[in-house]
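Inspection log for the structure reproduced underneath, given as structure tokens.
The values are calculated or read from the model by the stated rules, or taken from the named source; none is laboratory data. Every value quoted in this text rests on a predicted model; they were computed, and no experiment measured them. So basically every Cβ, Gly included, is an ideal-geometry build from the backbone, and we count neighbours across all protein chains shown.
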Amino acid sequence: MSHSVPRRVVEAFYQAYVSRDPDRIGLWLDDDVEWLVAGPVEVMQVCGHWHGKSAVIDRFARQVPQVIDFRDLQIEQLLVDGEASAMCGRIICVHRRTGRLISHRVAHFVRYRDEKVISFLAINDSLDAAEQFMDRRVDFLGTSEPPEGDLVVI
């Protein structure tokens, strides 16, 4: 049987998430939480998979601050339905190694049980983010010149 998560819980979780305070975030995590941030780990070291509350807290306390200085999460849409929420927005941070401002779109899909996060999936616009982390555009066509004619992206 599924139980609906109250919107106030989802909003409180995001307030904690934006605070970047590991202890505050930890209050909203199930002991057995699955945390997945999709993206190229070799380029964006904030991506990866963590299992368990202590691993996620360590991610926020130690791992992420080594790579980025978080500035903002601009939530554009936040939907709550049943035991899940979905968020679309933009994350803004500074890449610590280079000092570059990084701003890219992100989507979160979160599931809750007993008002705790049990599953978190972040999907970054990883091409945009990776290009910003590397400070260069990825050349898929093997040429530095723009393609001739119209380019159709499907």
### Message
Against the condition under 17 Å from the mean Cα position of the chain (by Cα), on the phi < 0 side of the Ramachandran plot, at pLDDT below 85 and crowded, with 17+ Cβ neighbours inside 10 Å, how does F133 come out, does it pass?
### Response
yes
### Task
Could you please find all residues in region 89-100 being surrounded by 15 or more Cβ atoms within 10 Å (Cβ to Cβ) and either within 25 Å of D30 (Cα to Cα) or hydroxyl-bearing (S, T, Y) (or both)?
G89, I91
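Out of curiosity, is V18 under 24 Å from I92 (Cβ atoms), touching an Asp or Glu at 6+ places or on another chain (Cβ under 8 Å), at pLDDT 95 or above and in a helix (DSSP H, G or I)?
Numbers: under 24 Å from I92 (Cβ atoms): yes; touching an Asp or Glu at 6+ places or on another chain (Cβ under 8 Å): yes; at pLDDT 95 or above: yes; in a helix (DSSP H, G or I): yes.
Yes: the conditions hold for V18.
Does V9 count as in a helix (DSSP H, G or I), over 15 Å from A107 (Cβ atoms) and at pLDDT 95 or above?
yes
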### Task
Report whether or not S103 is among the hydroxyl-bearing types (S, T, Y), assigned to a strand (DSSP E or B), under 19 Å from L29 (Cα atoms) and at pLDDT 85 or above.
no
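I'm trying to understand the selection: among the residues of region 37-64, which are part of a helix (DSSP H, G or I) and either buried (at least 17 other Cβ atoms within 10 Å of the Cβ) or touching a residue at least 40 places away in the same chain (Cβ under 8 Å) (or both)?
Hits for region 37-64 are K53, V56, I57, R59, F60, V64.
One line per residue, one yes/no per condition, for (1) under 12 Å from F120 (Cα atoms); (2) charged (D, E, K, R); (3) modelled with pLDDT of 95 or more:
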{"position": "G39", "(1), (2), (3)": "no, no, no"}
{"position": "E42", "(1), (2), (3)": "no, yes, no"}
{"position": "S54", "(1), (2), (3)": "no, no, yes"}
{"position": "F60", "(1), (2), (3)": "no, no, yes"}
{"position": "Q63", "(1), (2), (3)": "no, no, no"}
{"position": "I75", "(1), (2), (3)": "no, no, yes"}
### Query
What is the number of the single condition among (1) at pLDDT 95 or above; (2) hydrophobic (A, V, I, L, M, F, W, C); (3) more than 12 Å from the chain's Cα centre (by Cα) that V94 does not meet?
(1)
### Query
When you look at I118, is it within 14 Å of F13 (Cα to Cα), touching a Gly at 6+ places or on another chain (Cβ under 8 Å) and β-branched (V, I, T), yes or no?
no
